[in-house]
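Asks: The structure under discussion is supplied below as structure tokens; questions concerning it will follow.
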């Protein structure tokens, strides 16, 4: 029977050492990996959610230069933060980051909490993001479970995992004192080798300990539907999300969109009812302000 990755004595076990050695040779050089500043790590994690790394790099560098602290972010109008988010999609994350910065200033003296409970209490921070800040800023020995790590964990186990199981396995797998290096290694492995559609098991340092690989990679893939793994998104073209994005881009470019132009900017010139519904969601999410004359502006 193959040894369980998460049932090892203290210190790097052979399978842990194999992954860490692989990571030392292949680790991607990314700007947020050069810092241990909690705020910079948080910004990177929110930007990276459902967004490709290549699109994030330049936006991240510009953002942390313009808003290097929670205080600087909180002091800016939320519309400026939304504008700085252009090109990343999921604009509500920008509003959540601004709200988070305000809460950090009001309740924590401008410094992010260094405990899980404190981070989870902040707007827009969920279990993954909170643990990422602890692991990548504080170098804590906590497991980080995003879609890439969730895929690796399920395939190693050879079965789909519940959220609790995935987190317990992730936490248990971290070698003592190596939380930063270990989690970066797992995320890189999932992103570049143990991929969703075409895993390259021949290049995987954990293949000798992978239950799914050992069984001949039978269907269904245990990662499919397992905790932490992505389930895919609905079609973007023609969706309400596309209309929302067009409106937010229009607000960034024009500042104000008059009521008579909203449907055209959204891409639905003949559907003012659909436009009004989407406008209402933008206002609800804090991405726009609707004025008495029906015009729309950034908050």
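Asks: Looking at region 54-73, which of its residues are in contact (Cβ under 8 Å) with a residue 40 or more places away in the chain and in a helix (DSSP H, G or I)? Explain how you work it out, then say what you get.
Replies: Quick first cut of region 54-73, residues in contact (Cβ under 8 Å) with a residue 40 or more places away in the chain only: 69-70.
70, the sole residue that qualifies.
Asks: For region 74-176, list the helices (runs of 4 or more DSSP H) that sit wholly inside it and hold at least 1 residues that are surrounded by 15 or more Cβ atoms within 10 Å (Cβ to Cβ), in contact (Cβ under 8 Å) with a residue 12 or more places away in the chain and not assigned by TED's automatic domain parsing to the domain that holds residue 208; which are they?
Replies: 78-84, 92-108, 116-120, 127-136
Asks: Look at residue 39 and say whether it is assigned to a helix (DSSP H, G or I) and touching a helix residue (DSSP H, G or I) at 6+ places or on another chain (Cβ under 6 Å).
Replies: Answer is yes for this residue.
Asks: Separate question: For region 184-193, check the following and say yes or no: at least one residue is within 30 Å of residue 26 (Cα to Cα), surrounded by fewer than 16 Cβ atoms within 10 Å (Cβ to Cβ) and at pLDDT 95 or above.
Replies: yes
Asks: In addition: Working only within region 196-210, note down all residues that are surrounded by fewer than 22 Cβ atoms within 10 Å (Cβ to Cβ) and touching a helix residue (DSSP H, G or I) at 6+ places or on another chain (Cβ under 8 Å).
Replies: 196, 201, 204, 205, 207, 208, 209
The values are calculated or read from the model by the stated rules, or taken from the named source; none is laboratory data. Bear in mind that the values here come from a model prediction, so they are computed numbers and not experimental data. Note that each Cβ is placed from the backbone with ideal geometry, even for glycine, and that neighbours are counted across all protein chains shown.
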